[in-house]
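Below: one structure, written as structure tokens.
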Amino acid sequence: MTTPVNLLDFDLEGLAAWCDTLGEKRYRATQLFRWIHQRGVAEFGQMSDLARSLQGKLHGRALVAAPAVIRQHASKDGTIKWLFDVGGGNAVEAVYIPEDDRGTLCVSSQAGCAVACRFCSTGHQGFSRNLSTAEIVGQLWFAEHFLRRHLKTDERVISNVVMMGMGEPLQNYDRLLPALRTMLHDHGYGLSRRRVTVSTSGVVPMIERLARDCPVALAVSLHAPTDALRDHLVPLNRKYPIDELLRTCTAYLAHAPRDFITFEYCMLDGVNDSAEHAQALVELMRRHAASGLRGKFNLIPFNPFPQSGLTRSPMARVQAFGKLLNDAGIVTTIRKTRGDDIDAACGQLAGDVQDRTRVGVRIARQRTVALHQLAPAGAAPAPRKVSS
Ligand code: SF4
């Protein structure tokens with residue numbers, strides 16, 4: 001008996017090719033794809049307009065399976081965090097963040113991360129493995145259909161996806177791409193290109209490929225105005241220094257007209273948060289704007305963890321830094337913290353490092369009690385319509 005194929009691993013093209021091996025036409029693949037992603041159905045017998053003959057072929061050959069949820073936390077502010085078991089003692093997290101005009105899901109792409117940014121708790125735990133396409137898209141599949149059931153709505157709940165959870169998505173490109181295509185496809189989640197964001201620490205060759213293959217919104221973790229400082233904070237900078245990265249961002253925009261790049265800047269007390277750093281950033285951006293770079297800045301209050309040896313910049317300094325950039329004509333916002341009571345701040349998804357390295361123990365302990373506790377979360381938002 002061969003191992004069943006997980007159909008969450010396919011974008012529509014891949015599913016059509018796989019259905020072809022069963023002697024099934026493309027429109028059958030489209031039907032199947034819509035049942036899975038638009039209606040959240042995993043049982044082939046419940047796909048009522050799917051030909052009996054195809055249902056018969058699927059049984060035993062295929063399944064639809066997202067990673068198992070180990071634990072769910074719901075914040076008072078409506079933010080919900082799920083911990084998913086991806087096997088081998090590894091777990092990854094996804095976070096749903098409701099706002100008035102959108103519902104955003106922050107998705108992980110790897111278990112651990114090899115980039116080892118100094119301010120990131122995921123980076124401190126090292127790299128375990130790449131997630132499969134099914135494990136990436138499965139976070140969305142689970143969250144979207146869980147939330148619809150929970151909110152008792154047939155409307156789409158998740159309007160935006162940000163690949164900002166654990167991992168560097170562009171170091172898992174081949175699995176990421178079908179997941180992005182499924183998010184965008186009208187027969188999948190139908191999200192517009194600008195509502196799906198890939199956040200990268202700056203993997204230059206893969207930014208170039210993404211521009212050609214699927215130019216979704218791009219966010220770049222910059223965190224420093226000079227190579228000397230960025231080498232220290234984001235070690236990948238030694239391979240792809242700032243000017244090369246920003247030139248690649250400018251070229252990306254040629255594939256994403258009317259877009260801009262979001263630059264993320266984690267505010268670290270006494271490290272990268274002075275007026276001189278802000279001024280250097282202004283000069284850097286002006287130099288590249290002359291070649292066509294359009295960018296906005298998002299200042300992120302650092303969420304400290306013990307092993308980092310770093311502390312959060314005082315809010316007054318974050319605001320002064322933002323004002324300096326805004327006064328220079330660079331649109332800059334300060335990221336609101338959400339889900340503080342469940343440790344769900346973006347970029348801090350891994351929790352503390354000690355927890356993370358002991359995640360196998362935690363999974364074993366929690367698996368026995370957690371799944372039946374997926375009762376409706378008390379603080380979830382009221383149903384609302386979300387436009388794309
Ligand atoms: S910030 Fe992103 S790229 Fe850097 S270590 Fe953390 S997960 Fe990896």
(message) Can you give the local net charge around residue 137? Use residues other than it whose beta-carbon is closer than 12 angstrom to its beta-carbon, Lys and Arg +1, Asp and Glu -1.
(response) -2
(request) Determine the shape class of region 1-147: with a ≥ b ≥ c the square roots of the Cα gyration tensor eigenvalues, call it rounded for a/c under 1.5, and otherwise prolate if a/b is greater than b/c, oblate otherwise. (result) prolate
(message) As I understand it, the dipole of region 19-113 uses +1 on the Cβ of Lys and Arg and -1 on the Cβ of Asp and Glu, about the Cα centre. Which of 87, 55, 110 lies farthest toward its positive end?
(response) 55
(request) Just rank 22, 281, fewest to most, by other beta-carbon atoms within 10 angstrom. (result) 22, 281
(request) Using R₀ = 25 Å, calculate the FRET efficiency as 1/(1 + (r/R₀)^6) where r is the Cβ-Cβ separation of residue 251 and residue 280; round to 0.05. (result) 0.60
(request) Under 14 Å from a label point 7 Å along Cα→Cβ of residue 129: give me every residue in region 163-181 with its amide N that close. (result) none
(message) Along the Cα→Cβ direction, 7 angstrom out, place labels at residue 238 and residue 3. What is the inter-label distance in nm?
(response) 3.5
(message) Starting from the Kirkwood Rh over alpha-carbon pairs, what translational D in µm² s⁻¹ does the chain have by Stokes-Einstein at 4 °C and 1.567 mPa s?
(response) 60
(message) How many angstrom lie between the Cα centre of region 157-233 and the Cα centre of region 1-69?
(response) 27
(request) Describe numerically, in nm with one decimal, the distance between label points set 7 Å from Cα along Cα→Cβ at residue 231 and at residue 39. (result) 5.8
(request) Please report, in debye to the nearest 20, how large the charge dipole of region 5-63 is about its Cα centre when each Lys and Arg carries +1 at its beta carbon and each Asp and Glu carries -1 there. (result) 220
(message) Could you tell me which residue out of 136, 121, 31 lies farthest along the dipole of the chain toward its positive end? Charges go on the beta carbon: Lys and Arg +1, Asp and Glu -1, centred on the Cα centre.
(response) 31
(message) Counting only other residues whose beta carbon sits under 15 Å from that of residue 291, what net charge do I get with K and R as +1, D and E as -1?
(response) +1
(message) Taking 2.2 N^0.38 Å as the expected size of a compact globular protein, what ratio does the Cα radius of gyration of region 121-166 give against it, to two decimals?
(response) 1.46
(request) For residue 220, list long-range residues whose amide hydrogen, built 1.01 Å from N in the peptide plane, is under 5 Å from its own amide hydrogen. (result) 200, 262, 263, 264
(message) What's the ranking of 131-140, 76-85 by average number of surrounding C-beta atoms within 10 Å, highest first?
(response) 131-140, 76-85
(request) Considering only DSSP beta bridges where both residues belong to the chain, give the percentage that are antiparallel (nearest 5). (result) 45
(message) Please arrange 267, 183, 315 by how many other C-beta atoms lie within 10 Å of their C-beta, fewest to most.
(response) 315, 267, 183
(request) Grab the other residues whose beta carbon is less than 11 angstrom from that of residue 252, score K and R as +1, D and E as -1, and report the net. (result) +2
(request) Could you run the Karplus curve 6.51 cos²θ - 1.76 cosθ + 1.60 with θ = phi - 60° over region 70-82 and give me ³J(HN,Hα) per residue in whole Hz, x for Gly and Pro? (result) 8, 7, 10, 10, 10, 7, 4, 8, x, 5, 10, 10, 10
(message) Using the crude model of +1 on Lys and Arg Cβ and -1 on Asp and Glu Cβ, and no other charge, please compute the dipole size for the chain relative to its Cα centre, in debye to 20.
(response) 640
(request) State the number of lysine pairs found in the chain whose Cα atoms come within less than 19 Å, restricting to pairs 8 or more positions apart or on distinct chains. (result) 7
(request) Would you mind ranking 323, 57 so that the residue whose beta carbon has the fewest other beta carbons within 10 Å leads the list? (result) 323, 57
(request) Could you compute the FRET efficiency for residue 319 and residue 259, with r as their C-beta to C-beta distance and R0 at 35 Å, rounded to 0.05? (result) 0.80
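Each reported figure results from applying straightforward, stated rules to the coordinates on display, with no laboratory input. Note that the structure is a prediction, hence the values are computed from the model and not measured. Cβ coordinates were reconstructed from backbone atoms using ideal geometry, including for glycine residues, and neighbour counts include every protein chain displayed.
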